[in-house]
1. Ratio of alpha-carbon Rg to the 2.2 N^0.38 Å globular estimate for the range A:1-84, to two decimals, please.
2. Decide, for the protein assembly as shown, between rounded, prolate and oblate: order the square roots of the alpha carbon gyration tensor eigenvalues as a ≥ b ≥ c, take rounded if a/c falls under 1.5, and otherwise choose prolate if a/b is larger than b/c, else oblate.
3. What gaps in nm, shortest first, separate residue B:102 from its twins in the other copies when you place the label 7 Å past Cα toward the beta carbon?
4. Antiparallel versus total DSSP beta bridges in chain A: what percent is that, nearest 5?
5. Can you give me the C-alpha center-to-center distance between the range B:65-101 and the range A:35-114, rounded to a whole angstrom?
6. Along the range B:93-108, what does the Karplus equation 6.51 cos²θ - 1.76 cosθ + 1.60 (θ = phi - 60°) give for ³J(HN,Hα), rounded to whole Hz, x for Gly and Pro?
7. Would you mind listing the distances between the residue B:15 label point and the same position in each other copy? Use 7 Å along Cα-to-C-beta, nm, one decimal, shortest first.
8. Sorted from shortest, what are the nm distances separating the label point of residue B:44 from equivalent points in the other copies, each placed 7 Å from Cα along Cα to C-beta?
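Readers should treat all values here as calculations from the given coordinates under stated rules, not as data from a laboratory. The structure presented is a predicted model; accordingly, all values stated were derived computationally and were not measured. Cβ placement follows ideal geometry from the backbone for every residue including glycine, while neighbour counts extend to all protein chains displayed.
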Number of protein chains: 2
Amino acid sequence: MKHSAQRDAVREYLKSTKTHPSAEMVYEEVRKQFPKISLATVYRNLSLLVELGEAKKVATVEGNDRFDADTSEHYHFICEECNAVLDLEVPFAAQLDVEAGRNFAGTITGHEVIFHGICPECKKHYVTGGPVKISAK
Amino acid sequence: MKHSAQRDAVREYLKSTKTHPSAEMVYEEVRKQFPKISLATVYRNLSLLVELGEAKKVATVEGNDRFDADTSEHYHFICEECNAVLDLEVPFAAQLDVEAGRNFAGTITGHEVIFHGICPECKKHYVTGGPVKISAK
DNA sequence: CTGGGTGCAAATCCTTTGCACATTG
DNA sequence: CAATGTGCAAAGGATTTGCACCCAG
């Protein structure tokens, strides 16, 4: 595989941040060094990093894909208010895969845990009331 | 809120299946009874069911939104080959939220677990080799 | 020099929305 | 009848792709 400055920039930015950025966020950041880089290139390189095992896509319920260069097994928290993705310090439960496999005819190769709630930042702003819920009419 | 035959059909189909269908899948199915229903109506009603708490969106890494009318706390398995979403019989670990909250300044309201691997169906077809991995060039 | 990588624009895919008409309460 | 729901088509956002040009090996 060839080398390219853009690829390095995407990789390095992803490895340097803990924000679990979306492609757009990576684009905005890398653009500071490479004003002419295209969003397509960012997407291509992010996918490539995932294929190469240098990054992972984070599972999300809402919104767009988020990427994480920390490929170690760890869990995420996603804020219901602002969609921030944070790392959580909870011991990784490798035995869960075994337990889940007991009554399952398929093969389990891993798992992911996503906690949700309100992140520290949003919590500050909503101290007065409880979490904001949109109610149906 | 008003009643509508289409809404009932979407709700009933979702409650009747364990396939955790996408909007498109619901559309294809409900269309058998209501050939003129539009995909937009399916989307609208699925979102409504989620708002009403009668269904949940399933967190996924790849592909589009999947819906589940089983709102009880339970975990999912997603097949890396065919993207099938299956329920897994693993005890729900409510204490995880507490554990995760210990070193966290935000508020945790719940969590989701997604196991991944090869589903029973795909396993049959790929008996010969190991899991199919796309390698980078 | 030659194949892979990039930028750009167009194309796709999934989901949402505007609007006129149909339906429900 | 008034408000809500629907179908259709168009709009939107996110991601991918085709293609001509550029650059690293």
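1. Rg over 2.2 N^0.38 Å, computed on Cα atoms: 1.06.
2. rounded
3. Its label point is 2.4 nm from the equivalent points in the other copies.
4. Percent antiparallel among DSSP bridges in chain A is about 65.
5. Taking the Cα centre of each part, the range B:65-101 and the range A:35-114 sit 15 Å apart.
6. Here the 3J(HN,Hα) series is 9, 4, 5, 4, 4, 5, 4, 5, x, 4, 9, 10, 7, x, 10, 9 Hz.
7. Ordered by increasing distance: 5.3 nm.
8. For residue B:44, the other copies' label points sit at 4.2 nm, shortest first.
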